[in-house]
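In what follows, a single structure is set out as structure tokens and then discussed.
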Amino acid sequence: MADTRPLRALVMSVLAFTVCFAAWLMNGVLVTFLVDKGVFHWDMAEMGWLIGIPVLTGAVLRLPVGMLTDRYGGRITFPLVMIAAAVPMYLVSYASTYSEFLLLGLGFGLSGASFAVGVAYVSLWFKRERQGTALGLFGMGNIGAAMTSMGAPVILNIVTDQGANLDGWRALPKIYALALTFIAVLFFLLAPGKTAEQGLKRTFSQRLAPLKNPRVWRFGLYYFFAFGGFVGLSMWLIPYYVNVYAMSVTTAGFIAAFFSLPAGLIRALGGWLADKWGARVLMYIVLGAGLVCLVLLLIPRMEVSLPGDGVSAKKAGMVTAVSSGEIVLDDQQYKLRQVENIRGLHNDRRELLLVFPIVSSFQEPLVEVGDVVEKGQLIARGNTHVYFQANIWIFTGLIFIFGILLGIGTAAVFKHVADYFPTSVGVVGGLVGVLGALGGFFSPIIFGYLLRLTGIWSVTWIFLALVALASLVWMHLVIRRMEGRETPSQISEAVEETVRKVPYQRMPTH
């Protein structure tokens with residue numbers, strides 16, 4: 001009879017991680033709703049802290065939680081993490097001050113550390129050649145972000161009676177706490193038990209030894225971009241749509257799901273592709289194509305007035321007539337360029353699909369009848385008006401593509417981890433997860449401060465583009481250095497030799 005334990009371990013881990021991920025990102029919707037409805041008056045930087053603070057806990061605790069999973073197994077660690085997160089989640093329903101929201105956000109943010117549990121637990125049940133696919137399937141739990149962005153606004157509308165009873169928002173964290181508790185019990189009852197047997201024989205310093213390897217930190221930077229970008233944008237896109245496109249929180253949540261839902265679902269495909277093509281090839285594609293998407297997103301929704309081509313007097317004289325279309329200087333006429341209708345944010349009709357910027361150039365008189373002007377004097381000022389709609393559907397399409405790339409990238413990074421550190425997936429995966437989750441924590445805060453500093457929402461994409469570029473350059477330099485030391489055949493032989501040694505080093509699978 002076939003062993004069903006690996007399948008049970010995977011299915012229960014995906015279910016638990018989905019619920020944990022949904023709870024982890026709850027503040028992205030809840031805080032935006034409370035500010036939008038005027039329940040609290042926090043600025044964008046303060047909102048960034050509240051949105052990001054649960055991610056900090058999930059980031060910092062991933063390493064110790066991963067080590068606990070190596071020691072005690074996922075069947076014990078996963079339910080404990082969920083129960084411990086459910087308590088502060090429930091208490092959020094009684095929060096009434098900014099400090100209370102911060103403190104309780106730190107508490108329920110523990111749910112984000114569940115990722116380290118799942119990576120260490122799931123990898124035990126599958127052979128090396130299938131670990132990429134298995135971890136990719138586990139990573140589909142990221143769809144919890146889409147569940148929150150789509151479902152939480154609907155729940156908030158129901159429990160607040162469409163805004164008539166705003167204090168009803170307090171039911172939302174109670175619902176999340178109940179879901180965490182229920183799945184924790186279900187996981188303990190149905191998931192099979194297994195620990196990293198070799199991990200029991202290692203000292204604390206031996207467990208942490210792989211962290212000295214620079215490769216671990218390079219993988220962490222990749223994950224800072226891929227997973228951190230995914231988490232940060234899953235929370236930030238809702239206020240982004242609300243402010244830039246004047247949407248309601250509910251509508252913004254549904255449209256933001258075009259980013260978070262495919263990013264979560266595609267992770268399984270990313271794991272399979274990493275097994276088939278190799279993680280390095282995928283990372284080149286993710287970082288390169290992601291950088292292109294970010295550059296296209298850089299141009300903000302805007303209308304700008306700039307100095308244009310003016311009109312100067314060809315000779316000295318007196319102004320005898322002035323209108324919007326011409327200036328008469330003695331007996332000489334100067335025709336002025338006019339624009340009947342200037343497109344802009346003030347008259348933007350959303351049904352129009354404006355792909356490229358619209359440039360309008362016109363001239364305005366600077367003189368009046370009776371003025372005496374000199375030769376070469378400017379008599380009409382030139383104006384150039386640039387309007388870029390940043391059409392919402394084109395924007396969302398680019399976000400959709402970018403989300404898919406990030407989903408594939410997260411799977412590729414952990415294929416790297418499983419390949420290079422098969423006996424330390426919990427520890428190395430924990431640290432890489434820490435760095436990725438720190439990306440999710442810092443991103444909304446950085447976005448908020450950059451917005452406060454510049455007043456431009458698209459600085460979001462500039463920051464992410466710089467991280468992508470740094471990751472791409474670092475990866476390429478390392479690969480070039482490897483190619484400089486060894487021929488491709490030597491590199492291939494070295495990799496094959498490493499693979500042959502893995503069964504001796506890694507934990508038993510059955």
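For the chain, the Cα-based Rg and Dmax, in that order, read 28.2, 104 Å.
When Rg and Dmax are taken over the Cα atoms of the stretch 302-388, they come to 15.9, 50 Å.
Neighbour counts of other Cβ atoms within 10 Å put 125, 277 in the fewest-to-most order 277, 125. Computed about its Cα centre, the charge dipole of the chain is approximately 2340 debye, with only Lys, Arg, Asp and Glu carrying charge at their Cβ.
Neighbours of residue 336 by Cβ distance under 14 Å: Lys/Arg scored +1, Asp/Glu scored -1, total -1. Sorting 174, 37, 212, 276 from the fewest to the most surrounding beta carbons within 10 angstrom yields 212, 276, 37, 174. Using a ≥ b ≥ c from the Cα gyration tensor of the stretch 1-154 (square roots of the eigenvalues), is it rounded, prolate or oblate, where a/c under 1.5 gives rounded and otherwise the larger of a/b and b/c decides, a/b for prolate? Judged from the Cα gyration tensor, the stretch 1-154 comes out prolate (a/c at least 1.5, a/b above b/c).
Each Lys and Arg Cβ is given +1 and each Asp and Glu Cβ -1; about its Cα centre, the stretch 302-388 then shows a dipole of about 240 debye. Arranged from fewest to most other beta-carbon atoms within 10 Å of their beta carbon, 98, 387 become 98, 387. Cross-link reach is defined here as a Cα-Cα straight distance under 16 Å, omitting same-chain residues fewer than 8 places apart; for residue 315 the lysines meeting it are 335, 375. Quick check on the stretch 372-476: take the gyration tensor over C-alpha atoms, sort the square-rooted eigenvalues as a ≥ b ≥ c, and tell me if it's rounded (a/c under 1.5), prolate or oblate. The shape class here is prolate.
Only helices enter this figure: runs of n ≥ 4 DSSP H residues, each worth -39500 (n - 2.57), summed and divided by the residues of the chain, yield -22000 deg cm²/dmol at 222 nm to the nearest 500.
For residue 194, give me every one of the lysines with a C-alpha distance below 30 angstrom, ignoring sequence neighbours fewer than eight places off in its own chain. Of all the lysines, those that pass the test against residue 194 - Cα under 30 Å, at least 8 places apart if same chain - are 127, 212, 276, 415, 501.
Bear in mind that the values in this text are calculations on the coordinates, not laboratory data. Please read these numbers as outputs of a predicted model, since none were measured by experiment. FYI the Cβ positions are ideal-geometry reconstructions off the backbone, even for glycines, and counts take in every protein chain you see.
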